[in-house]
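Only one structure is covered here, and it is reproduced in the block below.
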Amino acid sequence: MSNKPNLLRTAAEARLVRAPSSKAQEQSAETLLHELQVHQVELEMQNDQLRASQLALEESRDRYAALYEFAPVGYLTLSRAGQITAINLTGCTLLGRERGKLLQHRFDFFVSPPDRDRWHIFFSCSLKQTGQLGVELALQRGDDGTFFAHLDCLNSKADGHAQEFQIALTDISAMRLNQQLLESEERLRLATDTARDAIIMLEAEGGTITAWNPAAETIFGYSRDEVLGMPLHDLLTPPRFRAMAQKGMVHFVTCGEGAAVNKTLELPALHKDGTEFFIELSLSSMQIDGQWFATGIVRDISARKQMAQALSQSLLQNQQQLETMRSNLEDTVKAISTIVEMRDPYTAGHQARVAALAVAIARQMGLPEEQVHGIHLAGVVHDLGKIQIPAEILSKPGKLNAIESSFIQTHAQAGYDILSGIKFPWPIAQMVLQHHERLDGSGYPQKLKGDAILLEARILAVSDVVEAISSHRPYRAALGVDAALAEIARGSGVQFDASVVDACIKVVNGNGMKLPE
């Protein structure tokens, strides 16, 4: 048993001794009174101690309440049903709501929708376990959007009490942001270090290099340690351009602008070994803490320059060759025509006859002689594309099947592809491409209609049909001139240009032009 009562009695007796006493203390009544007075003093001292203890307890409770309410983390208590039964002020602040609007509400209401399923699974599993568990979730902060939180959870159940779920809620948004920034910086570093182009940063005030990636080491020959803090122009700019570069830097320091900023330029640069080579420079500016910096993306274009020079020389040679070819243009066209007809003996002379009839029609229509000349050349090579058609199809004695017919129809496009690269004074390639087009769009290969078809091609179309029908073919005998003229007359204004048909009939019937039977 505690000796506190004895101590209190001793103290009470001492206090009573110090108090004035009556001379009648020898009497028994006075002794009893003395005992009562001692006991009274003893009770008063006990009351003083109790009041002091109660005051200390209240102060401790207030300190605990303050620590709980204003802790740096939110504290919540959830029921087994997931309802908030207790929450401190920090928790209310984190969730952006008053305590009264949080209590008895389900906690999952404050979990961001994308994370609710994860919370339900976590909470369900946690109810079946004991000990501390943790999870990270996106929570809704009132009407201010969401924040990321780490939840330290403790499932506890005291004897005779309902199961409770204690949560310590920590806002980790800033930590996540810092982590994302670190990850972003790491990705940027990796991108810079693995880039094939040189990435160089320059401090405008002193013109010194502040960043230098591995590709810059490869392109210029300097290591990173050799160039950091060194004036860029002294190392990389050829001497004859340094004064101009320094002048530009003086302007750049003041405003972050310059003749090369936000542009891509081709410039000569210096290698560590002193040799000059061409680079492609894309320059941008940025301001950091009030100071301007320049970032340059540099690519070595020496090989590209060499290729461009070689290409230029090649183009010059090609131009000279083209001039030579143009001087022998008509002989070359005739030779090509002969090659095609050698592969197709049944249509030997077809191109020449079509060309001759087309020239006569063009003159009948009053076209300029220069235009007539172009029509003649196109007629001579209008079936050039048949050079890619197998000879057995061209000379097949029977009727062509659908696949063979489709293959034959490719010759117009093939002829165009061959001729389009030659710079004729006339649209020869287009005439060849369009000579099987029809006014109503039933032709090929582009199914052009009306005026979309060149007049020259419309003339070749009529000439080609008339010559083909009137001549012998592997799969039939010649049908004659009358049948040919009747065919174009039926298509006049529908498939064939009416003015061209009229001119053709006049050429054959009126002018007495002879066609092969």
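Contact order, relative form, for the stretch 195-304: 29 percent (alpha carbon pairs under 8 Å, 6 or more residues apart, mean separation divided by residue count).
For the stretch 262-394, the mean projected area of the C-alpha convex hull, equal to one quarter of the hull surface, is 17.5 nm². Near W292, once Lys and Arg are set to +1 and Asp and Glu to -1 for all other residues with Cβ below 15 Å from its Cβ, the sum equals -4. Classify the stretch 74-177 as rounded, prolate or oblate, taking a ≥ b ≥ c as the square roots of the eigenvalues of its Cα gyration tensor: rounded when a/c is under 1.5, otherwise prolate if a/b is larger than b/c and oblate if not. Cα axes put the stretch 74-177 in the prolate bin.
Given axes a ≥ b ≥ c from the Cα gyration tensor, I'd like to know whether the chain is rounded (a/c under 1.5), prolate (a/b larger than b/c) or oblate.
Numbers: a/c = 5.72, a/b = 2.73, b/c = 2.10.
Because a/c hits 1.5 or more and a/b exceeds b/c, the chain counts as prolate.
Indicate the gyration tensor shape class of the stretch 330-510 (rounded, prolate or oblate), computed on the Cα atoms with a ≥ b ≥ c the square roots of the eigenvalues: a/c under 1.5 is rounded; otherwise a/b larger than b/c is prolate and the rest oblate. Rounded, because the longest to shortest axis ratio a/c is under 1.5. Under the criterion of Cα pairs below 8 Å and six or more residues apart, the relative contact order for the chain equals 7 percent.
Counted by Cβ distance under 12 Å from A457, the other residues give a net charge of -3, where Lys and Arg count +1 and Asp and Glu count -1. Under 5 Å between amide hydrogens, built in the peptide plane, is the criterion, and for H105 it picks out I84 among residues at least 5 positions away or on other chains. Note on the stretch 264-296 and the stretch 423-460: Cα centroid distance 54 Å, given to the nearest whole angstrom.
FYI, it's all coordinate maths here, none of it is from the lab. As the structure is a computational prediction, the values presented were derived from the model and not from experiment. Note that we place each Cβ from the backbone using ideal geometry, even for glycine, and neighbour counts take in every protein chain shown.
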